[in-house]
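Student: Take this structure first; my questions come after.
Coordinate-derived values only; no laboratory data. What you see is a predicted model, and the numbers here were worked out from it, not measured in a lab. Ideal geometry is used to build each Cβ from the backbone, glycine not excepted, and the neighbour counts take in all protein chains shown.
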Amino acid sequence: MKILITGFAGFIGFHAAREFLRRGWEVVGIDNFNDYYSVKLKRDRAAVLEALPGFSARELDICDLEGLRGAFAAEKPDVVLNLAAQPGVRYCIDHPFVYQKTNIEGFLNVLECCRHAAKVPKLVFASSSSVYGGNKKMPFEESDKVDTPISLYAATKKANELMAHTYSHLYGMQTIGLRLFTVYGAWYRPDMALSLFADAMLHGRPIKVFNNGDMLRDFTYVDDIVDGIVRVVESNALPAYDIFNIGNHRSEKLLDVINVLANSLGVEPKMEMLPMQAGDVYATYASIEKLNKAVGYEPKTTIREGIPVFAKWYREYHGL
Ligand SMILES: NC(=O)c1ccc[n+]([C@@H]2O[C@H](COP(=O)([O-])OP(=O)(O)OC[C@H]3O[C@@H](n4cnc5c(N)ncnc54)[C@H](O)[C@@H]3O)[C@@H](O)[C@H]2O)c1
């Protein structure tokens, strides 16, 4: 079986590609290696994958419809895992059009290429917990109303869910959306809070703590996310269209997370308390019952187990 992973040089794409290769899949990766964050980190992840048998890569932008059509025609994947996106709930305030381009137009290209493929692949795509916006009812369930996003990023992810539903309905394609909840682990994205905290802590700078640290996040270790993705990809029992949360079902206090990280790095954190940022939500907390019932998903990793793995990788990769 062959899986085509868009955004393979990204944090989650890298881990997912590695796991699918380990399970005997042939993996084709697509990525445009954009400079939203360190291109070197993306190239380093890609180099690890390129050394593994069964992997091949194409440097390609999903907004390049002709290029993408060519890749689909040549590769004929059984499954497409769409992870390529412009992420970040804050970056969209100053860069809205990147979101429109990659997350809407690029995603439409992926849908179109799936639709017109000789053998239509199953499409599994990354949505986000951010679609729950400022919802107060916890934990977040897939049946909750998600019509009030509070960032453009969230709006594009919700749009992806709607677009995928339309394609399933009109063309009988199987499309499954996964609402990922704050993922972390080794080979992490440098723009995420844990990385920013680690960098500041290791350089003796104060960390910027928004809403005075009064925030709750369902932090999910990347191996658990990948386990959920694999279960969805390999299941033959899912409907033509569905949406699932993939989280940890543990909503952690931000200050506890900071303490676990500081302990893992062996430093005393200095904190600069700041107000809430636009686009940020107060709390995220995933109900994972639906995915558990559908494919037996059960996350295993607590932040006390997962954060030390991230901290060790961070020190080693950055030579700190
Ligand atoms: N990391 C999280 O906590 C989290 C949470 C919810 C949802 N998600 C979603 O999961 C997916 C993967 O996230 P990640 O954390 O690995 O992000 P990432 O930025 O590390 O990975 C995305 C990859 O896609 C590539 N890419 C971006 N635009 C592209 C384009 N137009 N064409 C081709 N490649 C392109 C980037 O170069 C990057 O390598 C994204 O869709 C993201 O929105 C992530």
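Student: Under 10 °C and 1.306 mPa s, how fast does the range 171-320 diffuse according to Stokes-Einstein, given a Kirkwood radius computed over C-alpha pairs? Answer in µm²/s, whole number.
Tutor: 96 µm²/s
Student: Give me the tail of P(r) for the range 139-225 as a percent: Cα-Cα pairs with distance above 16 Å.
Tutor: In whole percent, the long-distance tail amounts to 70.
Student: Please give the Cα centre distance for the range 277-320 versus the range 186-254, rounded to the nearest Å.
Tutor: Rounded to whole Å, the Cα centres lie 4 Å apart.
Student: Under a point spin-label approximation (7 Å from Cα along Cα-to-Cβ), what is the residue 318-residue 145 distance to one decimal in nm?
Tutor: Spacing of the two 7 Å Cα→Cβ label points: 4.3 nm.
Student: Semi-axes of the range 1-87's equivalent ellipsoid from the Cα gyration tensor, sqrt of 5 times each eigenvalue, largest first, rounded to whole Å?
Tutor: Each semi-axis is √(5λ); the values are 18, 17, 10 Å.
Student: Could I ask something else about it? Evaluate E = 1/(1 + (r/R0)^6) for residue 282 and residue 104, where r is the Cβ-Cβ distance and R0 equals 25 Å; express this FRET efficiency to the nearest 0.05.
Tutor: 0.40
Student: Can you give me the relative contact order of the range 1-122 as a percent, contacts being Cα pairs under 8 Å and 6 or more apart?
Tutor: Result for the range 1-122 is 29 percent.
Student: Can you give the translational diffusion coefficient of the range 273-320 in µm²/s, computed by Stokes-Einstein from the Kirkwood radius over Cα pairs at 37 °C and 0.692 mPa s?
Tutor: The estimated diffusion coefficient comes to 227 µm²/s.
Student: A follow-up question, please. Kindly write out, for the range 181-192 in residue order, the coupling ³J(HN,Hα) from the Karplus curve 6.51 cos²θ - 1.76 cosθ + 1.60 (θ = phi - 60°), rounded to whole Hz, with x marking Gly and Pro.
Tutor: My calculation for the range 181-192 gives 10, 3, 8, 8, x, 5, 6, 6, 6, x, 8, 8 Hz in order.
Student: Another question about this same structure. Taking all pairs of distinct Cα atoms, average 1/r, flip it, and tell me the Kirkwood hydrodynamic radius of the range 184-258 in Å to one decimal place. Intermediate values should be presented prior to the final figure.
Tutor: Working: mean 1/r = 0.0680 Å⁻¹.
When all Cα pairs of the range 184-258 are included, the Kirkwood radius is 14.7 Å.
Student: So which trypsin sites (Lys or Arg not before Pro) in the range 1-71 end up in coil per DSSP with only 15 or fewer other C-beta atoms within 10 Å?
Tutor: 23
Student: Rounded to two decimal places and with Rh computed the Kirkwood way over Cα pairs, what is Rg over Rh for the chain?
Tutor: Ratio of gyration radius to Kirkwood radius for the chain: 0.95.
Student: Would you please give the residues with an amide H less than 5 Å from that of residue 286, counting only those at least 5 places away or on a separate chain, with H modeled from the backbone geometry?
Tutor: 140, 248, 249, 250
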